[in-house]
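*Asks:* Would you mind keeping the following structure in view while I ask a few things?
The values are calculated or read from the model by the stated rules, or taken from the named source; none is laboratory data. Bear in mind the structure is a predicted one, so any value in this text is a computation, not a measurement. Glycine gets a Cβ as well: all are built from the backbone with ideal geometry, and neighbour counts include every protein chain shown.
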Amino acid sequence: MPEGYLPIFALGLFAAIFAVAVLGLAKLVRPSAPGEVKQEAYECGIRAVSDSRGRYTVRFYVVAILFVIFDVETIFLFPWAVYYRQLGWFGVAEVAVFLAILIVGYIWAYKKGALEWI
Amino acid sequence: MSEFYTSVDHFALVPALMLALFGCAVLLFDFFVFPAPRQRKWLILFLALGIGFAALGLVRQYMFLSSEGLAEFTAFRGALTIDGFAIFFNGIFLAASLIVALVSYRYLEIEGEHHGEYYGLILLANCGMYFLATGTDLVTLFVGLELMAVCFYIMVGFLRFDKRSNEAAIKYLLLGAFSSGFLAYGFSVMYGLAGSTRLGDITAALAARSAWDPLVFLALATTAVGLFFKVSVVPFHMWAPDAYEGAPTTVTAYLSVASKAASFAFLVRIFLGPLISAREVWQPLLAAVAVATLTVGNLAAVTQTNVKRLLAYSSISHAGYVLLGLVAGNPTGIKGIAVYLLVYTFMNLGAFLVLVALRRRDILGEELEDLSGLMHKSPVHAVLMLIFLLSLAGIPPTAGFIAKYYIFWALIQAREYVLAAIAAAYVAVAIYYYFRIVRSMFVSEAADREPLASSFGLRLALGVTGLLTVAIGVYPEPWLALAQNSVLLR
């Protein structure tokens, strides 16, 4: 086993022991007085109006997925922009291929009506 | 061309490029060139064109290898390796894609689903398979695997208004993602041991360690779990019957042959590449998994009444036979794996194609009763189904016999007599459940009078698979020569 990992294991072990010890000690020392008010999500805040697990339209999900795709696209464009000069025309070609594939997906989503709200 | 993309790189990439290009084009052509429902069949022609170009690229690679007398050549600094193995398996994938696309038109019409996405996904999944068979770099292999798997997740759930299809897709997605996690973990351990993602470097790094080194074992165990999920062997087979039953029948056919062949190509590359030095560890492990797979696959198939589910269990048991080829581990065994997967592709596709033909407007056609009296209703389909089932059971003169023959011969050469005996015993069980279908087709009365679905593509695909199932059995030499060329062990 590589010895270099020993501090990491020691840290994990210490964290586990510390957490169990502190919680256990608190359990022994603290008074127990459960009440209905204490079970609320915001005990000292605004009174909850309804359950947070409501239903909302599935369209948000399509928009969210489209957002993720183009978000990831920008993540890939950043390193290219930083090394733009070194990569030269090869980099431009690579990014063009990458964008072309994404644009095919974009056109497909557009024609399928993913961007229309109703 | 630049130093990152040489002409050799391009030469190695052409089939994948063609598949990706035509895959994207089919998606767009669905809107812009062939928008009317009547023009949809041109999409299949376009898909066939893409597969044709990819096949041309493969043939040119093959000609190059044989004219230069090379065993292989690498591209992208060793990330892709074009050898007989890669070309052989890619040929199988392209044939399976084309056959499945041919029969899908009529099926999608009956189900009332979209066409463009379906054909696009077939081409893109095939593109992923290309990288599974040619990749010799962990990252390339993993991306190829995910490209294939994601396309299959979507295709399994392609019947959007069918609860079973949705359920199958969710199950397949969750278990598939879980197994990919295992595989990625195994890959990370391999990378940690070798400091490189190239399979050649990892082979060297693992060979420098003892086979019983705990880190090597960790890499072996996690990678094996991931791979076993993908080829659906016991105890990682649970997703297969549900996914196969719920998926559209054409997708089930594609999933059961192309995905399985690609995953086996991947598995063989990993086990005979980086993990070869730990062979004394994985050989008994694989033997145990193979026997468990044969047992569960064959015994569970006996009680099934849904034919798709029955064929799913039968395909699990076939995976067990293929694993036995790797357990034997000699050149005959590796050649046997190639022959087995080639034969299995055509006979299993054929059996599912008959089920595709049984799907009509109001009849699902996947229960055992739906096949009853097929002989009186459509003798051609009944006889073809009989040929496919005989082949699946491994009875001469069909191709299935040649496939099993090589696996058994390899086991006997490796002096694994017990394994050979167990494998042979399960053939008897297999004959029993395959003949339940045969009895239903030939002895029982017909359940309905509705004629079977038919189209030019369906007739052509059934004809080709039937012909090949018989032809490989009767005259196997050219196919064996092809398989011989694909043996990785040297």
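*Asks:* Would you kindly identify the helices (runs of 4 or more DSSP H) lying entirely within segment B:155-272 that contain at least 2 residues that are closer than 30 Å to B:VAL354 by Cα and touching a Cys at 6+ places or on another chain (Cβ under 7 Å)?
*Replies:* Ranges flagged: none.
*Asks:* Can I ask one more? Of all residues in segment A:88-111, which are facing another protein chain (nearest Cβ under 9 Å) and either touching a Lys or Arg at 6+ places or on another chain (Cβ under 7 Å) or not acidic (Asp, Glu) (or both)?
*Replies:* Scanning segment A:88-111 gives A:GLY88, A:TRP89, A:PHE90, A:ALA93, A:ALA100, A:ILE101, A:VAL104, A:GLY105, A:ILE107, A:TRP108, A:LYS111.
*Asks:* Would you be able to say whether some residue in segment B:41-52 is closer than 23 Å to B:ASN485 by Cα, more than 14 Å from chain A (Cβ to nearest Cβ) and surrounded by fewer than 16 Cβ atoms within 10 Å (Cβ to Cβ)?
*Replies:* Checked segment B:41-52: at least one residue is closer than 23 Å to B:ASN485 by Cα, more than 14 Å from chain A (Cβ to nearest Cβ) and surrounded by fewer than 16 Cβ atoms within 10 Å (Cβ to Cβ).
*Asks:* Hey, B:ALA55 hits all of (1) within 22 Å of B:SER486 (Cβ to Cβ); (2) within 14 Å of chain A (Cβ to nearest Cβ); (3) of a type outside the set (Val, Ile, Thr); (4) free of Cβ contacts under 8 Å to residues at least 60 places away in the same chain but one; which does it fall short on?
*Replies:* (2)
*Asks:* For segment A:12-60, name all the residues that are hydrophobic (A, V, I, L, M, F, W, C) and closer than 30 Å to B:SER210 by Cβ.
*Replies:* A:LEU13, the sole residue that qualifies.
*Asks:* How many of the residues making up segment A:72-87 are surrounded by 10 or more Cβ atoms within 10 Å (Cβ to Cβ) and within 19 Å of the chain's Cα centre (by Cα)?
*Replies:* 3
*Asks:* Within the group B:VAL225, B:VAL216, which residue is closer than 30 Å to B:GLN304 by Cβ and either over 21 Å from the mean Cα position of the chain (by Cα) or surrounded by fewer than 20 Cβ atoms within 10 Å (Cβ to Cβ) (or both)?
*Replies:* B:VAL225 is the lone residue from the list that is closer than 30 Å to B:GLN304 by Cβ and either over 21 Å from the mean Cα position of the chain (by Cα) or surrounded by fewer than 20 Cβ atoms within 10 Å (Cβ to Cβ) (or both).
*Asks:* Given B:SER7, B:SER2, which one is without any contact (Cβ under 8 Å) to a residue 12 or more places away in the chain and either within 12 Å of another protein chain (Cβ to nearest Cβ) or surrounded by 17 or more Cβ atoms within 10 Å (Cβ to Cβ) (or both)?
*Replies:* Result: B:SER2 is the single residue among B:SER7, B:SER2 that is without any contact (Cβ under 8 Å) to a residue 12 or more places away in the chain and either within 12 Å of another protein chain (Cβ to nearest Cβ) or surrounded by 17 or more Cβ atoms within 10 Å (Cβ to Cβ) (or both).
*Asks:* Can you spot a residue in segment B:32-39 that is within 14 Å of chain A (Cβ to nearest Cβ) and either assigned to a helix (DSSP H, G or I) or under 20 Å from B:ASN90 (Cα atoms) (or both)?
*Replies:* yes
*Asks:* Could you list, in sequence order, all residues of segment B:273-305 that are part of a helix (DSSP H, G or I), of a type in the set (Gly, Ala, Ser) and more than 19 Å from B:TYR244 (Cα to Cα)?
*Replies:* Our first condition is that a residue be part of a helix (DSSP H, G or I); within segment B:273-305, this holds for B:274-302.
Pick out the ones that are also of a type in the set (Gly, Ala, Ser) and you get B:277-278, B:287-288, B:290, B:292, B:297, B:300-301.
Once the filter is applied, which keeps residues that are part of a helix (DSSP H, G or I), of a type in the set (Gly, Ala, Ser) and more than 19 Å from B:TYR244 (Cα to Cα), segment B:273-305 yields B:SER277, B:ALA278, B:ALA287, B:ALA288, B:ALA290, B:ALA292.
*Asks:* Is it the case that A:VAL95 is out of contact with any strand residue (DSSP E or B) (no Cβ under 8 Å at 6 or more places or on another chain) and over 30 Å from B:GLU117 (Cβ atoms)?
*Replies:* no
*Asks:* Filter segment B:264-290 down to residues that are in contact (Cβ under 8 Å) with a residue 40 or more places away in the chain and out of contact with any Phe, Trp or Tyr (no Cβ under 9 Å at 6 or more places or on another chain), then give me how many there are.
*Replies:* Count: 10.
*Asks:* For the structure I just gave you, tell me whether B:ALA247 is under 18 Å from B:SER277 (Cα atoms), more than 14 Å from chain A (Cβ to nearest Cβ) and not charged (D, E, K, R).
*Replies:* On the way: under 18 Å from B:SER277 (Cα atoms): no; more than 14 Å from chain A (Cβ to nearest Cβ): yes; not charged (D, E, K, R): yes.
No.
*Asks:* Let me ask something else about it. Being modelled with pLDDT of 90 or more and surrounded by 10 or more Cβ atoms within 10 Å (Cβ to Cβ) narrows it down to one of A:LEU6, A:LEU99, so name that one.
*Replies:* Values: A:LEU6 fails: modelled with pLDDT of 90 or more.
Going through A:LEU6, A:LEU99 in turn, just one is modelled with pLDDT of 90 or more and surrounded by 10 or more Cβ atoms within 10 Å (Cβ to Cβ): A:LEU99.
*Asks:* Given (1) free of Cβ contacts under 8 Å to residues at least 60 places away in the same chain; (2) under 27 Å from B:TYR105 (Cβ atoms), identify the lone condition not met by B:THR345.
*Replies:* Against the list (1) free of Cβ contacts under 8 Å to residues at least 60 places away in the same chain; (2) under 27 Å from B:TYR105 (Cβ atoms), B:THR345 comes up short only on (1).
*Asks:* Still on this structure: With (1) within 20 Å of B:MET129 (Cα to Cα); (2) away from chain A (no Cβ under 14 Å) as the list, and B:GLY23 as the residue in question, which single condition is left unmet?
*Replies:* (2)
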